[in-house]
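Down below is the structure, laid out as structure tokens.
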Amino acid sequence: MKYSRIAGTGSYLPKKIVTNEELAQKVDTTDEWIVSRTGIRARHMSSPEETSSYMGYHAGLHALEAAGLNANDLDMIIVATTTPDKGLPNTACLLQERLGITNIPAFDITVACAGFAYALSVADQYIRGGMMKTILVVGVDVLTAVTNWEDRSTCVLFGDGAGAVILQAADKPGILSTHLHADGRQKDSLCIPTWLPGQSKKNELPYISMDGRAVFRFAVRALEEVVVEALAANHMSQTDIDWFIPHQANLRIITALAEKLELSLDKVVITVDRHANTSAASVPLALDEAVRDGRIQRGQTLLLEAIGGGFVWGAALIIY
Ligand code: UT7
């Protein structure tokens, strides 16, 4: 039986950091409100040069280096992003060009904050099926570019960054299973109402719009269900998990989930305080941080989950 395993992780964060106090000078908010409602204290914000392909390239290079590989070893590139550099070509192609390689498939997956879970799942199927041996999977977003900086209810929530993994064929797991879901009926709860210039309607702006309470309620329930589903599929329980790496949107969602799952916060990787919500980058950024600081060790069991606008959500159980 074939499996895919994480051979290396990497990440990239823009140099510029914006604190809550700095935001409070621009919109009617306070550090106290942001911290108590979200757990966010600061976020990284990209410069015009720090596009998705640029950040994804640097995260990918770090992941290749950690895996002891170079770009020529790759069979495929998958980039999860909702904020591509251009309408076309896709971000994965631009990243491929930055890596100086040609002639391997390279494509984007647009699944908002759940993008990394989806991309990991697709890559896992290609490797298990025997078609590919080594795949670069990147989660990257520049949500600050699609944020309305006059809307205090959303502009305090988002940040930019990229995370990457190299998935490689292996005889032992590796990824145990991935679980993906979507519910398009919830399309208006979290969306960017307009995108293509020719299709813009009056009063619709190309910025993130969100019904925060509805997203919060749905997220806690859907994420609990998908985590339970992932554990059950592998005949595991919460006590088998060494590290829980949740989507980093709101500390209250993370703690509510950890409580429901009876998981100690000591086992939860948390970056939302410093990164805010980096969308498709949030889970791989947290994963890379905990791998590099030595918390996550080879052989440990990891549980990943994420949810985004759609709604779309997913989870993965992994032996690191
Ligand atoms: O990947 C998934 C992405 N999104 C999420 O996961 C977000 C899920 N939702 C949330 O995290 C929370 O709902 C928020 C953090 C967005 C909002 O927290 P909340 O506790 O649900 O607050 P609320 O939206 O119910 O707003 C409470 C009050 C309102 O004032 P009134 O109507 O009670 O007078 C808002 O106008 O807080 C006000 N408010 C703010 N005040 C200061 C909203 N944003 C701010 C702000 N600063 N930045």
**Asked** Hey, what do the phi angles of segment 247-260 turn into as Karplus ³J(HN,Hα) couplings, whole Hz, using 6.51/-1.76/1.60 and θ = phi - 60°, x for Gly and Pro?
**Response** 4, 9, 10, 7, 4, 5, 5, 5, 6, 4, 5, 4, 5, 4
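When the accessible area of the chain is computed with all protein chains present and a 1.4 Å probe, what percentage of it is carbon and sulfur?
On the way: 7070 of 13900 Å².
Here carbon and sulfur together make up 51 percent of the probe-accessible area.
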**Fill in**
Links exceeding 28 Å between C-alpha atoms in this model, out of Lys26/Lys260; Lys16/Lys260; Lys86/Lys202; Lys133/Lys187, come to Lys26/Lys260; Lys16/Lys260; Lys133/Lys187
**Prompt:** When the Karplus curve 6.51 cos²θ - 1.76 cosθ + 1.60 is applied with θ = phi - 60°, which whole-Hz ³J(HN,Hα) does each residue of segment 267-282 get, with x for Gly and Pro?
**Reply:** 9, 9, 7, 10, 10, 4, 4, 9, 9, 6, 8, 9, 6, 4, 8, 5
**Request:** Quick one: which residues, 5+ away or cross-chain, put their amide H under 5 Å from the amide H of Ile109? H built at 1.01 Å from N.
**Result:** Val79, Ala80, Thr81
**Fill in**
With Cα springs under 10 Å, the Gaussian network model of the chain assigns the largest mean-square fluctuation among Leu263, Leu61, Leu223 to Leu263
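As an exercise, identify the chymotrypsin sites (Phe, Trp or Tyr not before Pro) in segment 57-155 lying in DSSP coil whose Cβ has no more than 13 other Cβ atoms within 10 Å. Intermediate results must be reported in sequence, preceding the final value.
Working: sites: Tyr57, Phe107, Phe116, Tyr118, Tyr126, Trp149; in loops: Trp149.
Within segment 57-155, the qualifying chymotrypsin sites (Phe, Trp or Tyr not before Pro) (loop, at most 13 other Cβ atoms within 10 Å) are Trp149.
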**Asked** Please identify the GluC sites (Glu not before Pro) of segment 10-113 that satisfy two criteria: DSSP loop assignment and at most 12 other Cβ atoms within 10 Å. Which are they?
**Response** Glu49
**Message:** Relative contact order for the chain: what percent, with Cα pairs under 8 Å and sequence separation of 6 or more?
**Reply:** 26 percent
**Complete:** For segment 3-171, inverting the pair-averaged 1/r of distinct alpha-carbon atoms gives a Kirkwood value in Å of 16.6 Å
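Before rounding to the nearest 500, sum -39500 (n - 2.57) across all DSSP H runs of length at least 4 in the chain and divide by the residue total; then give [θ] at 222 nm in deg cm²/dmol. Kindly include the intermediate steps, with their values, before the conclusion.
Values: 10 runs with 103 residues, N = 320.
Result for the chain: -9500 deg cm²/dmol, rounded to the nearest 500.
In segment 3-171, what percentage of the DSSP-assigned beta bridges are antiparallel, given to the nearest 5?
Numbers: 22 of 31 bridges.
Here the antiparallel bridges make up roughly 70 percent for segment 3-171.
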**Request:** Only Cα pairs under 8 Å and at least 6 apart count here; give the relative contact order of segment 47-203 as a rounded whole percent.
**Result:** 26 percent
**Asked** With each pseudo-label sitting 7 Å past Cα toward Cβ, what's the Asn148-Trp195 distance in nm, one decimal?
**Response** 1.9 nm
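The values are calculated or read from the model by the stated rules, or taken from the named source; none is laboratory data. Quick caveat, the model's predicted, so the values are computed rather than measured. Here the Cβ is made from the backbone with ideal geometry for all residues, glycine too, and neighbour counts use every protein chain on show. Surface areas here come from the heavy atoms of the whole protein model, side chains and all, with no ligands, DNA or RNA. Shrake-Rupley method; radii C 1.70, N 1.55, O 1.52, S 1.80 Å.
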